[in-house]
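Chemist: Pasting a structure here, questions to come.
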Amino acid sequence: CPITMFWKFDLNTTSHVDKLLDKEDVTLEELMDEDDVLQECKAQNRRLLDFLCQQHCMEQLVTLITHEPPVDIDEKVRFKYPNTACELLTSDVPQINDKLGGDETLLNILYDFLDHEPPLNPLLASFFSKTIGNLIARKTEQVISFLRKKDKFLSLVLKHIDTSAMMDLLLRLISCVEPTALRQDVLNWLNEARIIQRLVELIHSSQDEDRQSNASQTLCDIIRLSRDQSTQLQDVPEPDPLLTALESQECVEQLLRNMFDGEQSETCIVNGTQVLLTLLETRRSGVEGLMDSYTQGFERSYTVNSSILHGIEPRLKDFHQLLLRPPKKPAILTTLGVLEEPLGNARLHGSRLIAALLHANTPSINQELCRLGTMDLLLDLFFKYTWNNFLHFQVELSIAAILSHSVHEGKPSPGEPGSKEEAPSGSAAPEPAEPAEPLEPPAGATENVMVTHLFQKCCLVQRILDAWEANDKIQAEGGRRRGNMGHLTRIANAVVHNMEKGPMQAQISDFIKELPEDCRGRWESFVEETLTETNRRNTVDLVSTHHLHSSSEDEDIESAFPNELTLQQAFSEYQIQQMTANFVDQFGFNDEEFADQDDNINAPFDRIAEINFNIDADDDSPNASLFEACCNERIQQFDDNEEEEDIWEEKDISYATQVKSRTR
C-alpha cells in the first residue's frame, strides 16, 4: 500500500528539457520555450550544454541578441527569445564561455552589432554589453586580444555613447580586467587611444544631451574607480594613466573651454562641472564613505592634485559670470506662484563648485574669489531665492568652510602659484588675482583673507540680523515663514561656534567687537535670546561642538565642515550615486564572508566589534523630559492603598448599550 501511494504522485525527476532532447529534430526555439531551460543550463545539464554549444546553435543565440526581432510579432513576446538567449550566454557556465570566447566567428557576429547605425536599440545594447562584459571578466586575455585587433572598436563605442550600455562596457574594460599586469596593459592601450580626451570632447554644446550626460558620467566613474583601485591595489607598478590624464591641467583647461568658450548651454556647463566636482572630491563617496563618516571621520581621503586647481583658477571669473548671468530659462510655475527668473541647474552647480574650492582652501583661489566678490554674490542669491534649499545648503557649506579655515590658509605644494605668502599688491603673480581693495592682512598677521572678506565686505552678521527681522515682520503680519530660515539658523550657529572654539576664534571675535555699537547690541541680543530660543525649540544641536577628526600628528585630514554638514553632504551624494561595477564591494563585504562558516565559529560575529554606539545620556535633555511625560500619561500608576480585588470572586455581569469612546 505505501508503495502504491508513493508512485501515485509521480515523483519522476526527469525534466521537460531532457524529454525534448530525446527528439531528433528538436529546435533551439523549442528549448527556449521551456521555463526551466535556464535552470538546467546553470545546473550544467550535460546534454543541454552539448546541444547549445553546437556551432549553429551558438551562432543563432548570438544573432538573437544583436539583431532586431521581426516587427510583426506581438510586443509582449517580441524580445522573449533575445532575452533568453542573453541569459543563456551569460549564465557563467565554463563550457559556454569557452565556446563563445574562443571562437572568432562568434565574436565577429557579436562585434558586428557596433556597426549598426545609431541610435541602437537600448535593450539589444544591454544584451550586447552584458555578454561582452561577461567575456571580459571570464575570458579576459582572448577577448581583450580580439578587441585590440579591431581598430575602430573604441571609435564605435564612443559613437554609440548616447546609449548607456556603451558607457557600462567602457567601465568594464577598466574595472573587470585581471590580473594587475594585464589591467595596466589595457589602461595603457586606452590611454594611447586618447579615450579621456575624446570623452572630454563630447562634453560640448554641439553634442546632444544624452551624449554629453553619458560622457560626463563615464569620466566621473573612471575617476572614482581609478582612485579606489589605486588605494586597494598596493602592488601597482605604475600610476593609472587614465587618472593621470584626467587630473592634468591640459585636460581641465580643455573641459573649461568646452563649457565657456563660444555658445554656452546649461547642459554642457552642468555636465562639465560634475566632472570638476568629482576631481575635487577629497574623500571616498558612496555607501562606504557614508559609514566611515560615522565611525572614522573620513580618514580615507584623497589629495586634490594641484594641476586641477591651476586649471580652474583662471576660469573663476567665468563661474562668477555664470552666477550673475546664467543661460536663459523660461519662467516656471511653482506652488508659490510664477518664478520669472529660475535659479537653474547651471547656477546651482556653480555654487557647488565654489563650495568645493573653498573646502580645498587654496590661497590664490581664495584671493581671486575675494577680488571677484563671489561670496557676496552667493549671499545675494541665498536671500533672493528663499525657497531653493539646494542653493541654501551650498551657501551654508561655503560659509562653514571659510569659518573653519586655518590661519595659514591651506598648504599648497612648493612651486605652485598659491604657495607664496599673502603679499602686498605690488608682488609678482602669474595671474592678476590680488583683491581690488586691501583685504589681505599685512605680512606676518594671523588673519585669514576669506574670513576678513566674509565679515567686512559681505557683512555676514548684518545680513543675518536683517533677514531674521524681516522674516519676523512677515510672520507677525500673518505671512509664511521664509524657506531659508533653517539654513540661516545653522549659519548663525556656525558663526557663534567658531567665535567660541573655532580655529579663527580671535579674528572672528575681533570683527564682532568692531561692529557698530547698535549692530553689536542687536547681535548680542539675537544670540542670547532669539537664537537660544530657536535652538531650544529645535531640540537638537545644529552645529557640532567638535570636528569629525582631531589629531595633533596630522591636521591635514581634519574636515573643513562641521559634523552634520559633512554627513548631510555624504548622504546626499550617496542617494544620487549610480550603481557601478564595484558597487557591491563598497558595502565592505567580500565573497569569503559568505562562504561556509564551519571552520570559524566566531566568523558571523567578527563585524560586531566595528559597530560604534554613541548615546547621549544627558538627564537634562528635553527629549528625556518628553519621554517621561509620555510615560506618565500612558502608564496607569498602581495605588497601594486601594483594596485588592479578588479576580476569582463570582459577580453578576451586566451589559450596557452605551459604548465609551477612548481618547488617544
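The values are calculated or read from the model by the stated rules, or taken from the named source; none is laboratory data. Because the structure is a prediction, the values reported are computed rather than measured. In this analysis, Cβ positions are derived from the backbone assuming ideal geometry, glycine residues included, and neighbour counts consider all displayed protein chains. SASA here: full protein model, heavy atoms, side chains in, ligands and nucleic acids out. Shrake-Rupley method; radii C 1.70, N 1.55, O 1.52, S 1.80 Å.
Chemist: Could you name every one of the helices (runs of 4 or more DSSP H) located completely within region 10-115 that has at least 1 residues being over 24 Å from GLN142 (Cβ atoms) and at pLDDT 90 or above?
Modeler: 28-32, 37-42, 46-52, 80-89
Chemist: Among the residues of region 371-395, which ones are open to solvent by 10 Å² or more (accessible area, probe 1.4 Å) and under 21 Å from the mean Cα position of the chain (by Cα)?
Modeler: Those that are open to solvent by 10 Å² or more (accessible area, probe 1.4 Å) and under 21 Å from the mean Cα position of the chain (by Cα): ASN388, ASN389, PHE390, PHE393, GLN394.
Chemist: Restricting attention to region 141-169, report how many residues are over 24 Å from SER206 (Cβ atoms) and open to solvent by 10 Å² or more (accessible area, probe 1.4 Å).
Modeler: Result for region 141-169: 9.
Chemist: Of the conditions (1) open to solvent by 40 Å² or more (accessible area, probe 1.4 Å); (2) in contact with a Cys (Cβ under 8 Å, 6 or more places away or on another chain), PRO70 satisfies every one except a single condition; which number is it?
Modeler: Every listed condition holds for PRO70 apart from (2).
Chemist: Filter region 451-502 down to the residues that are touching a His at 6+ places or on another chain (Cβ under 7 Å) and more than 22 Å from ARG520 (Cβ to Cβ), then identify the one that is most open to solvent (accessible area, probe 1.4 Å).
Modeler: Step by step, filter region 451-502, then rank; the result is HIS487.
Chemist: Working carefully through the options ARG211, ARG172, find the one that is more than 21 Å from LEU276 (Cβ to Cβ) and open to solvent by 10 Å² or more (accessible area, probe 1.4 Å).
Modeler: Sole residue among the options that is more than 21 Å from LEU276 (Cβ to Cβ) and open to solvent by 10 Å² or more (accessible area, probe 1.4 Å): ARG172.
Chemist: Restricting attention to region 110-131, report how many residues are more than 27 Å from the chain's Cα centre (by Cα), open to solvent by 10 Å² or more (accessible area, probe 1.4 Å) and of a type in the set (A, V, I, L, M).
Modeler: So the count comes out to 1.
Chemist: Which of the residues belonging to region 300-321 are within 30 Å of THR244 (Cβ to Cβ) and either of a type in the set (Phe, Trp, Tyr) or open to solvent by 50 Å² or more (accessible area, probe 1.4 Å) (or both)?
Modeler: Across region 300-321, the qualifying residues are ARG300, SER301, TYR302, THR303, ASN305, LYS317, PHE319.
Chemist: Moving to a separate point now. Under 7 Å between Cβ atoms, at least 6 apart or on separate chains: pull out the pairs that start in region 169-188 with a residue that is hydroxyl-bearing (Ser, Thr, Tyr) and end on any residue that is part of a helix (DSSP H, G or I).
Modeler: Pairs found: SER175/LEU225.
Chemist: Which condition number does VAL177 fail, the rest of (1) touching a His at 6+ places or on another chain (Cβ under 7 Å); (2) not in a helix (DSSP H, G or I) being met?
Modeler: It is condition (1) that VAL177 fails.
Chemist: Let me ask something else. Restricting attention to region 320-341, does a residue exist that is modelled with pLDDT of 95 or more and closer than 22 Å to ASN448 by Cα?
Modeler: Within region 320-341 (the criterion being modelled with pLDDT of 95 or more and closer than 22 Å to ASN448 by Cα), the answer is yes, since at least one residue qualifies.
Chemist: Another one. Considering each residue of region 356-370, count those that are within 17 Å of ASP318 (Cβ to Cβ) and within 19 Å of the chain's Cα centre (by Cα), and give that number.
Modeler: Summing the residues that are within 17 Å of ASP318 (Cβ to Cβ) and within 19 Å of the chain's Cα centre (by Cα) in region 356-370 gives 2.
Chemist: Just checking, how many residues over region 322-361 are open to solvent by less than 10 Å² (accessible area, probe 1.4 Å) and of a type in the set (S, T, N, Q)?
Modeler: The qualifying residues number 1.
Chemist: Report yes if LEU199 is part of a helix (DSSP H, G or I), under 22 Å from the mean Cα position of the chain (by Cα) and modelled with pLDDT of 95 or more, otherwise no.
Modeler: yes
Chemist: Of all residues in region 264-284, which are open to solvent by less than 20 Å² (accessible area, probe 1.4 Å) and either of a type outside the set (A, V, I, L, M, F, W, C) or outside any helix (DSSP H, G or I) (or both)?
Modeler: Those that are open to solvent by less than 20 Å² (accessible area, probe 1.4 Å) and either of a type outside the set (A, V, I, L, M, F, W, C) or outside any helix (DSSP H, G or I) (or both): ASN271, GLY272, THR273, THR278, LEU280.
Chemist: Looking only at region 300-325, count how many residues are outside any loop (DSSP other than H, G, I, E, B), touching a residue at least 24 places away in the same chain (Cβ under 8 Å) and either closer than 16 Å to CYS268 by Cα or out of contact with any strand residue (DSSP E or B) (no Cβ under 8 Å at 6 or more places or on another chain) (or both).
Modeler: Count: 18.
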